[in-house]
Every structure is written in structure tokens, then in C-alpha cells.
């Protein structure tokens, strides 16, 4: 009785009839077809919206950053006048014959800045400004000071005015830390052995970059503790490139600029003081003096030195057995028991040796900054691993 009726079907396979199609399976097929049809255009639309949104956000970000940069580029004499409280002596943090540095804050920004105003009536000041601009244009390194912007205009009396604006270094100069008693108004602060190692490693890294990685190479020509600045986390940065020289006549103010004394008494290499052609070994000498000064807290111009006794010879006479007798007593007091024999042999003696090698009288006897940097980094890594 079931035969001949082609429309018959069964839900369960009992008789030899075809299985009845169910509503759910039909819906699944329809849904699957719909997904195949709808999914591609929807996906494309979503991706397009995301791309548009990303482009808009990027455009807004670029507009903001471009706007900020344009604002910084348009610093005027009036802005600097207000930021420094009319060049108030209270705002002045350092001064030399070529420039004065003020701490200040612009009305359009909340961050403190250091504003270097050049004394254009002094000989060499204008050349120092152009030299610093040239250096800042060609250098990029975490241990070199970087300018935020510059101001080259005229003041309200139509006199030429030039200034450079830098990020403010919260912890001042290395000189303030080594010789706190000679800086009135600054807190008494003491550098630990660890901090001294880190600072000297930073300075060595910056000089290695200037001498060996920068094209053309550059000589700082005035390395000393007051030109090493410390930011909020005690990372050191070399500043004041007014005396710097590129080892290329195309970037130097004149070929003659590569000859003669340049720098500060006590830190100038002997050959430079005698009028010989300067080289990177002059910076190496200054670095050696700075390193010995950091460890002993004695300036190369200390009244203790004179005639035949220099900072180099003073340290050399104590090296290596009596080094502990000439170390900065403040460092020893801060470290206490940490300056044990192990630390003397592994870290302090090697650092003193590097300082002595770098400050040798003849440039032929001084190591290259690349080798000095590698040795100091090894000392730094060894010190870190002991803690």
C-alpha cells in the first residue's frame, strides 16, 4: 500500500522510503547561503571604516604634533623675556663669557626649560651660537644634550638676539655633585660608586659616538664636569658645544679652527695648549682628567697642584696600593663597608688605571675612545652583576 506514492517519506529510517526534509536543516542551508552572500561586503565595509578611522586619528595626531612643533619654532624674544622673568638673576643658573643660561617656563607649555642666551657683544659668542646649531643639526645620541628650539631675532631695541632652548636637566651639572661646597644654594649631594660608574659610562659612550660613529667625526674640545648635565634619573648628557670642531673643513668655521688651544685650563691636552693641531686624543685627555676628578673630588687646578705636581701625577704616585687614601671621602662615607678590597680591585683600580692612561702627556700613549668605552662598559656590567 506504500508503493506508487512518490510523495511519501519517513522521519525515521524504518521502511524503504526517503527521509523527510526538516525545517531546521532548510533554515541552516538558507542561513549558510545568506552568510556567504552578506559576509564579504560587510567585512569589507568594516575594514574600510577602520581604515578611515585610523587615518582620521593619525591625521589628528599629526596635526597636534605639527601644531606643537610650529608653536615651539615660533618662540619670540618676548616669549623668552617672559619665560626668564625679564632675565632675572634669580633665574640664572650658569654663566660664561659667551652666554648665560636661565631656567624658565613658556606660557604655552608647563615644562621647565633651560634657555641659553648668547652675549653677542663678546668676542667668539656669535661663532659659538652657529657652532652649537651645526652640532645639534648633525648629532643624535641619548647622552648628548638636545635643543628644543632656537630664537634668532632682534630685541625691543633692535639689537641682534640669539638663544637656544634646551630641556631642563633636573639634577644640574656633574660639577655641582663633585664639588657641592663650591656651589652656594645647591643641596649637599653625594654620588655613590654605582652612580659614578654609570655617569662615566654615559660620557664615554657619547665621546665614542662623536669620535667613531658620527660622520664626519667631531671633537668636543671643552669636556669638563660643568659641561656634563644630569637629568631626572641621573643619566648624563654632554652639553656646551660652542668650542666643538668637526674633522672636516666643510663643517668647521675655518681650517685654522682645527689648530690651537681650545677649552678650559686643567682639561686642555698639552699638545693643544702648545698650538698643535687638535685631534680626538684631546678629548680623551679631558675625559681622563674628568674621571680622576670624579674619583678624587680634586680639580686639576686645585691649590695642591703646581710646579711638578699635577692631578695625573698625584694619582699616579698613589697607584695602585694607596688609592684608597686619595679617593673622595664623601664616596667612602656613603658606601661605608661596600668599598671593600673586592670592589677596589674589580672596579675602582681599573677605573683609576683608565683615567691615568687617558691623561698621559703624549697623545701617542692615550687609548682610543672606542677601547675606553668598551672597558668601562665591562666594568659597569660587572658591578651590576654583583647586586
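The values are calculated or read from the model by the stated rules, or taken from the named source; none is laboratory data. These numbers were taken from a predicted model, which means no experiment stands behind them. In this analysis, Cβ positions are derived from the backbone assuming ideal geometry, glycine residues included, and neighbour counts consider all displayed protein chains.
What the table shows:
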| quantity | calculated |
| --- | --- |
| Yes/no for residue 242 being buried (at least 19 other Cβ atoms within 10 Å of the Cβ), at pLDDT below 95 and in the same structural domain as residue 373 (by TED's automatic domain parsing) | yes |
| Lone unmet requirement of (1) in contact with a strand residue (DSSP E or B) (Cβ under 7 Å, 6 or more places away or on another chain); (2) in the same structural domain as residue 297 (by TED's automatic domain parsing) for residue 190 | (1) |
| Looking only at the stretch 262-284, and only at residues there that are assigned to a loop (DSSP other than H, G, I, E, B) and out of contact with any helix residue (DSSP H, G or I) (no Cβ under 9 Å at 6 or more places or on another chain), the one that is nearest to residue 331 (Cα to Cα) | 274 |
| Residue list for the stretch 231-249, restricted to those being more than 15 Å from residue 166 (Cβ to Cβ) and in a loop (DSSP other than H, G, I, E, B) | 233, 234, 243, 244, 247, 248, 249 |
| Residue 355 vs. criteria at pLDDT below 95 and assigned by TED's automatic domain parsing to the domain that holds residue 196 | no |
| Test result for residue 298, modelled with pLDDT of 95 or more, touching a helix residue (DSSP H, G or I) at 6+ places or on another chain (Cβ under 9 Å) and not assigned by TED's automatic domain parsing to the domain that holds residue 137 | yes |
| Condition broken by residue 210, with the remaining ones in (1) surrounded by fewer than 16 Cβ atoms within 10 Å (Cβ to Cβ); (2) assigned by TED's automatic domain parsing to the domain that holds residue 380; (3) modelled with pLDDT of 95 or more satisfied | (1) |
| Qualifying position, being part of a helix (DSSP H, G or I), over 19 Å from residue 212 (Cβ atoms) and either modelled with pLDDT of 95 or more or under 30 Å from the mean Cα position of the chain (by Cα) (or both), among 383, 287, 387 | 383 |
| Selection within the stretch 87-121 - within 17 Å of residue 155 (Cβ to Cβ) and in contact (Cβ under 8 Å) with a residue 60 or more places away in the chain | 99 |
